[in-house]
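> First, the structure itself, so that you have it in front of you.
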Amino acid sequence: MADKTSQAAKRAEAYTTVPPTTIDRVEADGVRVFYRAAGDPSAPVVLLLHGFPSSSFMFRELIPRLAADYRVIAPDLPGFGFTEIPAERKYKYSFEGLASTIDAFTQALKLNRYAIYVFDYGAPTGLRLALAHPERVTAIVSQNGNAYEEGLGDAWAPIRKYWAEPTAENRKVIRDNVLTLEGTRWQYTHGVANPESVAPESYTLDWALLQRPGNIDIQLDLFLDYASNVKLYPKFQDYFRTSKPPLLAIWGKNDPFFIPPGAEAYRKDLPNAKVQFLDTGHFALETNVVEIASAMKDFLATGDSKQPASGSAARR
């Protein structure tokens, strides 16, 4: 009986030491940005930037694993999750636009220095922030977040065709083959040893939000604009060489979109970059959050990112 009581006490202590994750919204760039946050507001900040077709929900298991040591903040990008854009804002959905909104979001929360976790669409968004404010970015964790041509896998073929010929026919091919429930599920389960281990609420939530009026066209516009990111790759790479940010590339090696050579390529410009591969797919957090959190904590503890990074968070 004493052993059971002791075990229960330890479990209770573990629960009380995990900072709670809150949800909030803040006005930035004429947008009502939804975000999740946890951790001491005075702690160093880790800004988590999700990708297509997800939202800050993808970080639900990572946030509590980092929040004891960091102020962890995960916004929903415009067009995703629960971020709201008034019709009168006449928002232009482009990666430049996403980056401008997230830049305004960091200013609204008075985040002066932060490490960034970039995944998928979060990579060109976060790296644009780094280009604009290199002094603010203390470190980069790239989880299947690409910045090199060699990192683009064969799964980009129909999208490349769309870039070259942005016709209604090529737009329809992507709509009918990518922007479907099965296409969304495939992104989560491809390359995963046990696809049934992926929580169904992840891709089901994504699909439900994709089906909101007008959202499919928003996503098709962003697919087309992704070509602007590829054109920026040389500038991203120059930033790496010039600013030399500490970088961890932790990669689901079975990702059909952003393939392992993209992770290895970081070492061309950042010879000290840490590169780690996981035997999983694109959404590596769904299967390997424990390994990713552990690698992040080891990486961030050794770098400049341990310095205090923010002012107080202003909520609205």
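The values are calculated or read from the model by the stated rules, or taken from the named source; none is laboratory data. Note that the structure is a prediction, hence the values are computed from the model and not measured. Every residue, glycine as well, gets a Cβ built from its backbone with ideal geometry; the counts of neighbours run over all protein chains shown.
> Kindly indicate which of F82, F95 is under 23 Å from L181 (Cα atoms), touching a residue at least 24 places away in the same chain (Cβ under 8 Å), touching a Phe, Trp or Tyr at 6+ places or on another chain (Cβ under 8 Å) and not aliphatic (A, V, I, L, M).
Matching residue, one of F82, F95: F82.
> Quick one: is A147 buried (at least 22 other Cβ atoms within 10 Å of the Cβ), among the aliphatic types (A, V, I, L, M), under 23 Å from L224 (Cβ atoms) and within 15 Å of the chain's Cα centre (by Cα)? Talk me through it step by step, then tell me what you get.
Values: buried (at least 22 other Cβ atoms within 10 Å of the Cβ): yes; among the aliphatic types (A, V, I, L, M): yes; under 23 Å from L224 (Cβ atoms): yes; within 15 Å of the chain's Cα centre (by Cα): yes.
In short, yes.
> Okay, next question. Would region 124-132 turn up any residue that is among the basic types (K, R) and in contact (Cβ under 8 Å) with a residue 12 or more places away in the chain?
yes
> Additional query: Quick one: R185 ticks every box in (1) over 22 Å from the mean Cα position of the chain (by Cα); (2) under 22 Å from L49 (Cα atoms) except a single one, so which number is it?
Just one mismatch for R185, condition (1).
> Test D103 against the stated conditions and say whether it is of a type in the set (D, E) and within 18 Å of the chain's Cα centre (by Cα).
yes
> Now for a separate question. Which condition breaks for K92 when tested against (1) over 19 Å from L127 (Cβ atoms); (2) touching an Asp or Glu at 6+ places or on another chain (Cβ under 9 Å); (3) not in a loop (DSSP other than H, G, I, E, B)?
Every listed condition holds for K92 apart from (3).
> Can you work out which of the residues in region 33-64 that are out of contact with any Ser or Thr (no Cβ under 6 Å at 6 or more places or on another chain) and among the small types (G, A, S) is farthest from E286 (Cα to Cα)?
Out of the qualifying residues, it is S42.
> Being surrounded by fewer than 20 Cβ atoms within 10 Å (Cβ to Cβ) and among the aromatic types (F, W, Y), is that true of even one residue in region 109-127?
no
> Another question, if that's okay. Take region 53-89 and flag every residue that is under 18 Å from Y121 (Cα atoms) and among the acidic types (D, E).
Scanning region 53-89 gives a single hit, D76.
> Which is closer than 30 Å to E27 by Cα and either touching a Lys or Arg at 6+ places or on another chain (Cβ under 7 Å) or at pLDDT below 95 (or both), of P245, P308?
Matching residue, one of P245, P308: P308.
> If you don't mind, there's one more thing I want to ask. Can you tell me which residue among R185, R241 is farther than 19 Å from V118 by Cα and basic (K, R)?
R185
> For I23, which of the numbered conditions (1) surrounded by fewer than 17 Cβ atoms within 10 Å (Cβ to Cβ); (2) more than 18 Å from the chain's Cα centre (by Cα); (3) of a type in the set (V, I, T) fails to hold?
For I23, the failing item is (2).
> Just the residues that are modelled with pLDDT under 95 and hydrophobic (A, V, I, L, M, F, W, C), please, taken from region 175-192.
V178
> What is the residue count in region 255-296 for residues that are under 18 Å from the mean Cα position of the chain (by Cα) and part of a loop (DSSP other than H, G, I, E, B)?
Filtering region 255-296 for residues under 18 Å from the mean Cα position of the chain (by Cα) gives 255-260, 262-263, 266, 275-278, 280-296.
Pick out the ones that are also part of a loop (DSSP other than H, G, I, E, B) and you get 255-257, 259, 280-284.
Matching residues across region 255-296 total 9.
> If you don't mind, another one. Could you tell me which residue of region 180-224 is surrounded by the fewest Cβ atoms within 10 Å (Cβ to Cβ), considering only residues that are within 16 Å of F257 (Cα to Cα) and touching an Asp or Glu at 6+ places or on another chain (Cβ under 7 Å)?
Restricting to residues being within 16 Å of F257 (Cα to Cα) and touching an Asp or Glu at 6+ places or on another chain (Cβ under 7 Å), the top hit is G191.
> Just to be sure I understand the filter: pairs with C-beta atoms under 9 Å, separated by 6 or more residues or on different chains, first member in region 161-175 and touching a residue at least 12 places away in the same chain (Cβ under 8 Å), second member of a type in the set (S, T, Y). Which pairs pass?
From residues that are touching a residue at least 12 places away in the same chain (Cβ under 8 Å), the pairs are W163/Y226; N170/Y162; R171/Y162; V173/Y162; I174/Y162.
> How many residues are of a type in the set (D, E) and in contact with a Leu (Cβ under 9 Å, 6 or more places away or on another chain) if we restrict to region 277-296? If you could, list the steps in order and put the result at the bottom.
Of all residues in region 277-296, those of a type in the set (D, E) come to 279, 286, 291.
Of the ones still in play, those that are also in contact with a Leu (Cβ under 9 Å, 6 or more places away or on another chain) are 291.
Of the residues in region 277-296, 1 are of a type in the set (D, E) and in contact with a Leu (Cβ under 9 Å, 6 or more places away or on another chain).
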